[in-house]
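Comments concern the structure below.
The values are calculated or read from the model by the stated rules, or taken from the named source; none is laboratory data. Everything quoted here is computed from the prediction, not taken from an experiment. Please note: Cβ atoms are built from the backbone with ideal geometry, for glycine as well, and neighbour counts cover all protein chains shown.
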Amino acid sequence: MATADTQLWLIEGLPGSGKTSAAERLNTLCAAKGMPSRWWLEEAKDHPVLPASLRKRSSEPDFAQLAIDAFRDFIRTEVGVLILEGSAFQNSIRFMFANARSAAEISNYAAAWAEAVTPARPRLLMFEVKAPQAHYANFVAARRGAVWMEKLITYVEGTPIAEQRGWRGFDGFVQFWAAYQNLCLDCAKALPWPVKLLPAWSETLAPEDDAAFQFFRL
């Protein structure tokens with residue numbers, strides 16, 4: 001179960017905003033300081049909280065409760081510094097948003113989830129994209145390529161929320177992620193434990209500035 005030595009680090013942001021790079025650097029920093037840590041990629045099939053088998057159930061009515069239960073079980077069995085990227089919002093709230101769950105339902109989920117993980121002394125670091133259209137058209141497209149972009153646009157177009165709101169093509173894709181980010185920012189600001197918002201690495205002139213990570217306080 002969670003102990004005084006357990007610390008849950010949650011790293012969030014839109015695709016391409018810096019989550020994985022930040023998680024990797026935090027894990028490396030822990031190792032340099034001799035602190036036991038574990039880091040899980042958000043899309044790992046065997047993810048300890050939201051594995052592929054659970055993500056496939058995101059359209060089911062009880063998905064929110066299943067996610068909360070999974071987080072609760074996770075912090076009961078793991079100790080040390082636990083680094084999760086994209087697990088607080090991307091693999092839970094994003095699915096709820098995509099499936100056109102109401103803002104009230106998502107807010108209620110976020111509050112119940114926050115209470116469930118509190119024993120693990122969580123902190124949230126979120127990268128905010130100020131200009132989503134430029135972020136995807138310039139930075140992300142150049143780094144990940146046309147195939148990756150086309151795959152995500154197809155995903156967005158097939159979601160219930162996109163069908164409901166008529167979001168199509170690249171513009172609809174940007175609208176989806178911008179609306180999702182706003183929802184996440186609202187949820188982040190309501191959390192009862194430390195939260196740090198930083199500009200996405202695509203929009204900052206000093207992405208390698210370690211001062212930005214003083215929030216980790218290792």
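Summary of computed values
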{"quantity": "Cβ pairs under 9 Å, 6+ apart, first in the range 132-159 and touching a residue at least 24 places away in the same chain (Cβ under 8 Å) and of a type in the set (S, T, N, Q), second assigned to a helix (DSSP H, G or I) and surrounded by fewer than 18 Cβ atoms within 10 Å (Cβ to Cβ)", "calculated": "Q133/F170; Q133/D171; Q133/A178"}
{"quantity": "Any hit, the range 1-9, residues being in a helix (DSSP H, G or I), within 29 Å of A134 (Cα to Cα) and not polar (S, T, N, Q)", "calculated": "no"}
{"quantity": "Residue selected from the range 17-33 under the condition farther than 19 Å from L124 by Cβ and either modelled with pLDDT of 90 or more or assigned to a helix (DSSP H, G or I) (or both), by the criterion farthest from the chain's Cα centre (by Cα)", "calculated": "A32"}
{"quantity": "Helices (runs of 4 or more DSSP H) within the range 70-188 that include 3 or more residues surrounded by fewer than 19 Cβ atoms within 10 Å (Cβ to Cβ)", "calculated": "103-117, 141-157, 160-165"}
{"quantity": "Neighbours by Cβ (under 6 Å, 6+ apart or cross-chain): first from the range 90-102, on the phi > 0 side of the Ramachandran plot; second surrounded by fewer than 22 Cβ atoms within 10 Å (Cβ to Cβ)", "calculated": "A100/P160; A100/I161; A100/Q164"}
{"quantity": "Condition check for A64: within 18 Å of the chain's Cα centre (by Cα), buried (at least 20 other Cβ atoms within 10 Å of the Cβ) and more than 20 Å from K45 (Cβ to Cβ)", "calculated": "yes"}
{"quantity": "Set A120, A179, A162: member being within 16 Å of the chain's Cα centre (by Cα), over 13 Å from G16 (Cα atoms) and either among the charged types (D, E, K, R) or at pLDDT 95 or above (or both)", "calculated": "A179"}
{"quantity": "Residue within the range 27-37 that is touching a Ser or Thr at 6+ places or on another chain (Cβ under 9 Å) and within 30 Å of A103 (Cα to Cα) present", "calculated": "no"}
{"quantity": "Breaking point among (1) surrounded by fewer than 21 Cβ atoms within 10 Å (Cβ to Cβ); (2) touching a Pro at 6+ places or on another chain (Cβ under 9 Å), for G18", "calculated": "(1)"}
